[in-house]
Amino acid sequence: MNTKHISLAALAIVAVLAGCTKSPIETPSNSNRLTDLELTSVNSVQTKAAIDGTPFPTEGEIGLFLFKDENATEPYGEGGYTNVKYSYNSTKGKWTASPSIKVGSTPGYLYGYYPYSSTATDVKSIPVASSLNGDDVMYATSQTVTDKTASQTAITMNHALARVAVTVVNKGYTGAAKLSSIKFSGAETSAAGTLNAINGNITATKSDV
């Protein structure tokens, strides 16, 4: 009788073990993995109005926005990424931020602009203003990034507004002279405006100067 009970107990244990082996082994998912967005390079497109040519100023700072959709209506992640400042890190040879934008497996749409403004909160209405030592205003249109491309992202800036320098020479005139006016033909001039980084349009916010 004891032997029979032991055999039945052994069979029961084997049955339980056999049942356990039929369950699939669960492995951790990488769907929630986040990767820091690091720019390997920032370039600018040369235009007739480009004062400094094609090289992008490495000492500059740019602002980046990230959205879930190409129309820039839905924020990416919790709270979204609005006007994140990226600066060039000469040690790493990359443009980085602290804290940086983090991208997952879900594609994000990246927009950028230059020069950086701490007051920018809307990618479609970034404040820009003229100054004697001002920079060209540039923007980067939508680019898709994921956790697989975040560390190898390069963006290209397009010129939205260029600074114009005027040099006045006397051409040998020795008398007293006074510059009364400078006029630009076929161009809208304004001391300040807002940049739409989606399409590069600038809207004047002050009267013409």
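The values are calculated or read from the model by the stated rules, or taken from the named source; none is laboratory data. On a predicted model such as this, the values are computed, not experimentally measured, just so you know. Because the Cβ atoms are built from the backbone with ideal geometry, glycine has one as well, and the counts that use them run over all protein chains shown. Ligands, DNA and RNA are excluded from the accessible area calculation, which covers all protein heavy atoms including side chains. Shrake-Rupley method; radii C 1.70, N 1.55, O 1.52, S 1.80 Å.
Details
- The sole residue among Asp147, Asp135, Asp122 that is modelled with pLDDT of 90 or more, more than 16 Å from Asn201 (Cα to Cα) and assigned to a loop (DSSP other than H, G, I, E, B) is Asp147.
- Looking only at segment 102-114, residues that are farther than 22 Å from Asn199 by Cα and crowded, with 20+ Cβ neighbours inside 10 Å come to 1 in all.
- Single match in Tyr76, Tyr81, Tyr116, Tyr111 (criterion: under 20 Å from Thr156 (Cα atoms) and touching a Phe, Trp or Tyr at 6+ places or on another chain (Cβ under 6 Å)): Tyr111
- Selection count where residues are over 19 Å from Leu34 (Cα atoms), outside any strand (DSSP E or B) and under 15 Å from the mean Cα position of the chain (by Cα), scope segment 66-111: 3
- Any hit, segment 41-51, residues being surrounded by 14 or more Cβ atoms within 10 Å (Cβ to Cβ), modelled with pLDDT of 90 or more and either within 14 Å of the chain's Cα centre (by Cα) or in a strand (DSSP E or B) (or both): no
- Residue list for segment 159-172, restricted to those being farther than 28 Å from Gly79 by Cβ and not in a loop (DSSP other than H, G, I, E, B): His159, Leu161
- Checked against (1) at pLDDT 85 or above; (2) of a type in the set (Gly, Ala, Ser); (3) farther than 29 Å from Tyr76 by Cα, Ala140 meets all criteria but (3).
- One residue stands out in segment 160-171 among those that are in contact with an Asp or Glu (Cβ under 7 Å, 6 or more places away or on another chain) and over 26 Å from Ile101 (Cβ atoms): the one that is most open to solvent (accessible area, probe 1.4 Å), namely Arg163.
- Residues in segment 115-159 that are within 12 Å of Gly63 (Cα to Cα) and open to solvent by 60 Å² or more (accessible area, probe 1.4 Å) were compared, and the one that is farthest from the chain's Cα centre (by Cα) is Thr119.
- Among the candidates Gly134, Gly104, the residue that is touching a residue at least 60 places away in the same chain (Cβ under 8 Å) and out of contact with any strand residue (DSSP E or B) (no Cβ under 6 Å at 6 or more places or on another chain) is uniquely Gly104.
- One residue from Pro99, Pro75 being surrounded by fewer than 19 Cβ atoms within 10 Å (Cβ to Cβ), touching a Leu at 6+ places or on another chain (Cβ under 9 Å) and without any contact (Cβ under 8 Å) to a residue 40 or more places away in the chain: Pro75
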